[in-house]
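Inspection log for the structure reproduced underneath, given as structure tokens.
The values are calculated or read from the model by the stated rules, or taken from the named source; none is laboratory data. Remember, it's a predicted structure, so these values are computed and weren't measured experimentally. Ideal geometry is used to build each Cβ from the backbone, glycine not excepted, and the neighbour counts take in all protein chains shown.
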Amino acid sequence: MDFSTVKRKIEAKDSSGYKNVQEIYADVRLTFKNAMEYNDEKNDVHMMAKTFLENFENKWLHLLPKVVKAIFFVFASYFPLFWITLISVILCNIFL
């Protein structure tokens, strides 16, 4: 995996593109992991890939709640029954 492939898949207008953000996360992570795997630990490429991976994962942890929230509200807005079910489950857990 490499960043030109990630870019091409992000920009794809057909079924060759990413289906969800988890696929993007996995490919970016794989790109850094491959750079670390195929370069010696003392090599600049390995060290930079390790640093970039750590930074990427930290940024991802901050971004993930926003992504989950957006997906939740889009899903819930299309499925009103979802809201009713969710509220029922919460109320049952509170009062039972």
| task | Determine whether LYS59 is within 15 Å of GLN22 (Cα to Cα), free of Cβ contacts under 8 Å to residues at least 24 places away in the same chain and part of a helix (DSSP H, G or I). | result | yes
| So is VAL6 part of a helix (DSSP H, G or I) and under 18 Å from LEU61 (Cβ atoms) or not? | no
| task | Could you please find all residues in segment 33-56 being in contact with a His (Cβ under 8 Å, 6 or more places away or on another chain), in a helix (DSSP H, G or I) and either farther than 25 Å from ASN20 by Cα or modelled with pLDDT under 95 (or both)? | result | MET36
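Residue-by-condition table, conditions (1) exposed (fewer than 13 other Cβ atoms within 10 Å of the Cβ); (2) among the acidic types (Asp, Glu); (3) modelled with pLDDT of 95 or more:
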position	(1), (2), (3)
GLU11	yes, yes, no
TYR18	no, no, no
GLN22	yes, no, no
PRO65	yes, no, no
ALA70	yes, no, no
LEU81	yes, no, no
| Does PHE75 meet the test of being assigned to a helix (DSSP H, G or I), farther than 24 Å from SER4 by Cβ and either modelled with pLDDT of 90 or more or in contact with a helix residue (DSSP H, G or I) (Cβ under 8 Å, 6 or more places away or on another chain) (or both)? | yes
| Would you pick out the residues in segment 25-55 that are under 21 Å from ALA70 (Cβ atoms) and crowded, with 16+ Cβ neighbours inside 10 Å? | TYR25, ASP27, VAL28
